[in-house]
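The values are calculated or read from the model by the stated rules, or taken from the named source; none is laboratory data. Just so it is clear, the model here is predicted, and its values are computed rather than measured. Please note: Cβ atoms are built from the backbone with ideal geometry, for glycine as well, and neighbour counts cover all protein chains shown.
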Amino acid sequence: MREAVIDNRGLFGPHLGLAMACEQGDEARIRTLAKILEFDVALVNRYYMDSVVWAQEILRDSDAQHNVEAV
């Protein structure tokens, strides 16, 4: 994990890079990393959107929305 977060490499480097590319809307990098990881690009986009919706639901249902200190 350290290699992925600090050095952008290692076993999880491409996975973190893919997540970051999704966050940034970098379609070219998404396609490149999906190919490297042998992921279907359509599924990457679908799962990313599912994760965004899930995170929004969790935040909506949590105390964090009412308590900035909790975030």
**Asked** Of all residues in the range 36-62, which are of a type outside the set (A, V, I, L, M, F, W, C) and either touching a residue at least 40 places away in the same chain (Cβ under 8 Å) or surrounded by 10 or more Cβ atoms within 10 Å (Cβ to Cβ) (or both)?
**Response** D40, N45, R46, Y47, Y48, D50, S51, Q56, E57, S62
**Prompt:** Which of the residues spanning the range 28-44 are out of contact with any helix residue (DSSP H, G or I) (no Cβ under 8 Å at 6 or more places or on another chain) and acidic (D, E)?
**Reply:** E38
**Prompt:** Taking the range 1-18 as the search range and keeping residues that are free of Cβ contacts under 8 Å to residues at least 12 places away in the same chain and assigned to a helix (DSSP H, G or I), which one is surrounded by the most Cβ atoms within 10 Å (Cβ to Cβ)?
**Reply:** G13
**Message:** If a residue must be assigned to a helix (DSSP H, G or I) and either under 8 Å from the mean Cα position of the chain (by Cα) or farther than 20 Å from E3 by Cβ (or both), how many such residues does the range 24-39 contain?
**Reply:** 7
**Message:** Out of A42, A21, I need the residue that is in contact with a Ser or Thr (Cβ under 9 Å, 6 or more places away or on another chain), at pLDDT 90 or above and part of a helix (DSSP H, G or I). Which one?
**Reply:** A21
**Message:** Every residue in the range 45-66 that is among the β-branched types (V, I, T) and at pLDDT below 90, please.
**Reply:** I58
